[in-house]
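Quick notes on the structure that follows.
The values are calculated or read from the model by the stated rules, or taken from the named source; none is laboratory data. The structure displayed is predicted, hence computed values, not measured ones. Backbone-built Cβ (ideal geometry, glycine too); neighbour counts: all protein chains shown.
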Amino acid sequence: LWDQCVKQLKGELTSAEFNTWILPLQARVDGGLLRLLAPNRFVLDWTQKHYERRLIELCAQFSDGSVCHIAFEVGGLDRERVTVAGHSRYEPPAPAPDMGERRASANLNADFTFDTFVEGKSNQLARAASMQIGQNPGTAYNPLFIYGGVGLGKTHLMHAVGNVILASNPSARVVYLHSERFVAEMIKALQHNRIDEFKKTYRSVNALLIDDVQFFAGKERSQEEFFHTFNALFESRQQIVLSSDRFPKEVVGLEERLRSRFGWGLTVSIDPPDLETSVAILHCKATQIGIELPEDVAFFVGRRIRSNIRELEGALRRLVANSQFTGKPITLEFAKHALKDVLAAQDKQVSIENIQKTVAEYFKLRTSDLLSAKRSRSLARPRQIAMTLAKELTKHSLPEIGNAFGGRDHTTVLHATRKIKSLRDSDAGIEEDYKNLLRILTS
Ligand code: ADP
Ligand code: MG
């Protein structure tokens, strides 16, 4: 396995990079884990920071998914291991309150677990990383940063991590909090002169899960407070899990020192589900409600609602409610009728997410690449096309569109629309791509 990874990386990196960082590593497969031994701390930090993500991808690929975790350690196969990277231990178990109470005080939802999270290509890495964190909080990756569009399962995964940690450690202190709630709590603490208590509370947890950190944007006092909380937890090797609608470096309105810290650990994306995953999720949710969903109905709904799992669930709930109300079974005909309004509304207004997903698929890119800061031509053109389509097909303003494309400026969107307009006149290939996409999105 490692030899295959090495061979692949040799082709991808410059020989200096390869010789400096990859060649000195020794590897050993340990169950589903690839242990990488680096000769010293410096090589360890560097390779982990720069190549971990790619290495995990390669491992998963070459092992057909059976090895998808990597542990970095300092040491060598032939020598005694010198030190082991990161190991933290929880305090000895105190008499544990019951699970329900502990979950409630951690703000965790018992329904959001790994068992109820359907795995697909779009969420594989994020799920694997989250499981790893759940099993080894504080020692695997810190922080874990999950990013992706609305309704794709970020919150679900964070709760799943929290639930696993709680279940396996009777004395672990876990807190899940939406970033807006963090801000609100902090303000309340300030008003009531309880800021020290606030600090103490959050700096003494074993796992802090903060959702939607993009809402910290522009809130400087909260960022300051969170910065210190982050440092305290990071230094004592307690687990931090963060989520956002975009890549850490692209969260606008965030102090640079936070942005860079957010990228210190492992960053994973969740992309919109493919059709098979959507169908599997529908079946899973149907089973949870206690109904059986015919295959043709699942495919019909999955095909029509593609870019948001929350909406997928909404459609299912509507079907079930309608069926219970009318006493009719859920057939394809029934579904088409019951969802008519939902689908019509959806068809009329193409969403920006839908456009991004369609354009990404069309050009065989990842949606996250379209939102990233990367500027290579192979990304820039599709991105400009997607922005132009968003301007054409939705009612969103230029700043809104810019924001939806990784927090870009409205002038960037304006420039994109102009560029594409002139290219469509001069470049038949672009014109054809544009027309094709327009047809796909509006048919
Ligand atoms: P986000 O936080 O990314 O906006 P959520 O985690 O709130 O999205 O997910 C929206 C809904 O979709 C939730 O009810 C969640 O349970 C469901 N969901 C998302 N991904 C999956 C999945 N892979 N399997 C099952 N349900 C999922
Ligand atoms: Mg969420």
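The table for this structure:
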quantity	calculated
Unique residue being part of a loop (DSSP other than H, G, I, E, B), within 10 Å of the chain's Cα centre (by Cα) and under 25 Å from residue 246 (Cβ atoms) when the list is 125, 157, 152	152
When residues of segment 160-174 are limited to those that are hydrophobic (A, V, I, L, M, F, W, C) and part of a helix (DSSP H, G or I), the one nearest to residue 277 (Cα to Cα)	160
Residue 412 vs. criteria within 28 Å of the chain's Cα centre (by Cα), surrounded by 13 or more Cβ atoms within 10 Å (Cβ to Cβ), within 26 Å of residue 304 (Cβ to Cβ) and modelled with pLDDT of 90 or more	no
Restricting segment 32-55 to residues that are surrounded by fewer than 17 Cβ atoms within 10 Å (Cβ to Cβ) and free of Cβ contacts under 8 Å to residues at least 24 places away in the same chain, the residue that is farthest from residue 126 (Cα to Cα)	42
Cβ pairs under 6 Å, 6+ apart, first in segment 97-114 and closer than 19 Å to residue 309 by Cβ and assigned by TED's automatic domain parsing to the domain that holds residue 202, second aromatic (Phe, Trp, Tyr) and modelled with pLDDT of 85 or more	none
Which listed residue is surrounded by 16 or more Cβ atoms within 10 Å (Cβ to Cβ) and within 23 Å of residue 254 (Cβ to Cβ), from 180, 185	185
Among (1) among the hydrophobic types (A, V, I, L, M, F, W, C); (2) modelled with pLDDT of 95 or more; (3) over 13 Å from the mean Cα position of the chain (by Cα), the one test that residue 140 misses	(2)
Hits in segment 199-223 - residues which are farther than 19 Å from residue 172 by Cβ and over 24 Å from the mean Cα position of the chain (by Cα)	199, 220, 221
Among (1) surrounded by fewer than 22 Cβ atoms within 10 Å (Cβ to Cβ); (2) modelled with pLDDT of 90 or more; (3) within 28 Å of the chain's Cα centre (by Cα); (4) assigned to a helix (DSSP H, G or I) - the single one residue 365 does not satisfy	(4)
Meets criteria (farther than 15 Å from residue 238 by Cβ and in contact with a strand residue (DSSP E or B) (Cβ under 8 Å, 6 or more places away or on another chain)) for residue 179	yes
Hey, residue 297 within 16 Å of ligand 1 (Cβ to nearest atom), in a helix (DSSP H, G or I), over 23 Å from residue 161 (Cβ atoms) and of a type in the set (A, V, I, L, M, F, W, C) or not	no
Residue that is farthest from residue 104 (Cα to Cα), among those in segment 141-186 that are of a type in the set (Ser, Thr, Tyr) and within 16 Å of ligand 2 (Cβ to nearest atom)	147
In segment 243-290, the residues that are at pLDDT 90 or above and β-branched (Val, Ile, Thr)	267, 268, 270, 277, 279, 281, 287
Residues of segment 268-290 satisfying the condition of being of a type outside the set (A, V, I, L, M), within 16 Å of ligand 2 (Cβ to nearest atom) and closer than 24 Å to residue 69 by Cβ	269, 271, 273
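One line per residue, one yes/no per condition, for (1) more than 16 Å from ligand 1 (Cβ to nearest atom); (2) under 23 Å from residue 166 (Cβ atoms); (3) β-branched (Val, Ile, Thr); (4) not in a helix (DSSP H, G or I):
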residue	(1), (2), (3), (4)
225	yes, no, no, no
229	yes, yes, yes, no
237	yes, yes, no, yes
242	no, yes, no, yes
249	yes, no, no, no
277	no, no, yes, no
280	no, no, no, no
284	no, yes, no, no
